[in-house]
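A short write-up of the structure that comes next.
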Amino acid sequence: MDARGKRNRKAAKRFADEQAEEAALVRSSRPKRARTGNRQRGGRRKTRAAQQKRIPTAASGTTGGESKGSGSYADMLSEYPNKGEVGMTEYFEDEKTVAEKVKILAQYFRESKHTVVYTGAGISTSAGIPDFRGPKGVWTCEKEGKPSPLGLEWSATRPTLTHLAINLLVERGYVQYLISQNVDGLHLRSGFPRDKLSELHGNIFMEKCRRCGHEYLRRKDIKSVGLKPTGRVCEILRDSPNGERRVQCRGRLHDTTLDWEDELPEPDFSKSIHHSEKSTLSLTLGTSLQINPAGLQPLETLENPDGKLVIVNLQRTPHHDEATMTIHAKVDGVMSGLLRELGLPVPVPETSNPRPKKLPAADKADEAHEDVATAAVTAAATAAATAAAAAATAATDAAATATVAAAAPA
């Protein structure tokens, strides 16, 4: 090897060492996922993860194998005994009460300067994904010694009415940011803009490069949790260490789904803090708010003079008494009512996810881990469904107008 080649190899090794050292420093300073924590403003909590050590079981973070349904995700997590309250009673308010509260919620939306939506497992149950703490939830069944509900396979699930409704509210300027605890990937698969989303607990369809941070959204779920290497490498072009040419990054890819006590991802976590502190309306949908620090972030809005917290959930949460308003009803019904109150069309969920006509060349050989180049296609399908709903609404209004005109005296 000539002198220039040796210099390049040394520069590359030095660059890799610096990156590893920087990553280690960042990881050591990040908050971790845990169930309980002391409430501190600004999202900086002293969680139980910082107070206790856990010895993982031999089966923790298992990888590979056939998918057994979305409910089997819990089987890949490490043992963690303190999962909070499960199997709580579900409450259903009557239709009149819900309708009155939805009208108030619509007024909150009109008045809010910065609205943040927080989503949990309850918004995906209508997609065929089990929740955790409901009467038949994953953690409830575990506590009762029953088999976990399997649910649909991840790739068979589709965005719900609530997912599409949130997209529309962002598009029309009613929602400024979305923070999700869900790992099902349905927000991004529905065409939601990545720069307006924090996925605090990861994404079962996402791989990320350890070196450059580039994200790969796959069509099939990544069958591991705990930020483990997936065996693939990053193909993004970047400057070489000496800056003389462009080379493939070749950094190792890892899954992005958190195990218990894993560090919350950046920049998602920092962005979630920023928008939570800025919010004048926080709307939580289908979350028990028991997992911290994510469960504490909606409370930040109450620090603002005009801040309002609205909780939509079938079960009571630890923060019901602090909320401005609570709604005990299914989220799809609440969101469809909200759209109508705001004069927006109610989208129709897709029954199938369109596949791209042409797959990225790099992924043709591995269809089980295709890049989802379908975000634009899915977004277009969602837009088409929304347009169709709008057209139907317009046609109904026109017909009603014509009927009134015909009935009017000459």
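Looking at the calculated P(r) for the range 208-354, what percent of the C-alpha pair distances fall above 26 Å?
For the range 208-354, the share of Cα pairs beyond 26 Å comes to 50 percent.
7 Å from Cα along Cα→Cβ at both LYS146 and ARG172: what's the point-to-point distance in nm?
About 3.9 nm separates the two model spin labels.
Heavy atoms only, 1.4 Å probe, whole protein assembly: order MET335, MET76 by accessible area, highest first.
Order by accessible area, largest first: MET76, MET335.
What full-extension length gain, to one decimal in nm, is calculated for ARG250 and HIS214 as 0.36 nm per residue of separation minus the Cα-Cα distance?
On the way: separation 36, 0.36 × 36 = 12.96 nm, distance 1.11 nm.
Net length gain for the segment: 11.8 nm.
Express in Å², to the nearest 10, the accessible area of SER126 obtained by rolling a 1.4 Å probe over the protein heavy atoms while all chains stay in place.
Surface open to solvent at SER126 totals about 80 Å².
How much accessible surface area, in Å² rounded to 10, belongs to the heavy atoms of TYR118 with a 1.4 Å probe?
Only protein atoms counted, so the area is about 10 Å².
Based on the alpha carbon coordinates of the range 218-285, what radius of gyration and maximum Cα-Cα distance (Dmax) apply, in Å?
Just the Cα atoms of the range 218-285 yield Rg and Dmax of 17.3, 50 Å.
What pairs from LYS146/LYS278; LYS143/LYS208; LYS83/LYS103; LYS83/LYS278; LYS220/LYS278; LYS146/LYS330 go past 32 Å between their alpha carbons? Don't jump to the answer; show the numbers that get you there.
On the way: LYS146/LYS278 43 Å; LYS143/LYS208 34 Å; LYS83/LYS103 35 Å; LYS83/LYS278 30 Å; LYS220/LYS278 35 Å; LYS146/LYS330 25 Å.
Violating the 32 Å limit, Cα to Cα: LYS146/LYS278; LYS143/LYS208; LYS83/LYS103; LYS220/LYS278.
With a 1.4 Å probe and all protein chains kept in place, how do GLU303, GLU95 rank by accessible area, largest first? Kindly include the intermediate steps, with their values, before the conclusion.
On the way: GLU303 110, GLU95 160 Å².
I get GLU95, GLU303, largest accessible area first.
Counting only the heavy atoms of the protein chains, how much of THR125 is accessible to a 1.4 Å probe, in Å² to the nearest 10?
Accessible area of THR125: about 60 Å².
The values are calculated or read from the model by the stated rules, or taken from the named source; none is laboratory data. Just so it is clear, the model here is predicted, and its values are computed rather than measured. When we count neighbours, we look across all protein chains shown, and the Cβ atoms used for this are built from the backbone with ideal geometry, even at glycine. Ligands, DNA and RNA are stripped out before the accessible areas are found, and what is left, the full protein with its side chains, is counted by its heavy atoms. Shrake-Rupley method; radii C 1.70, N 1.55, O 1.52, S 1.80 Å.
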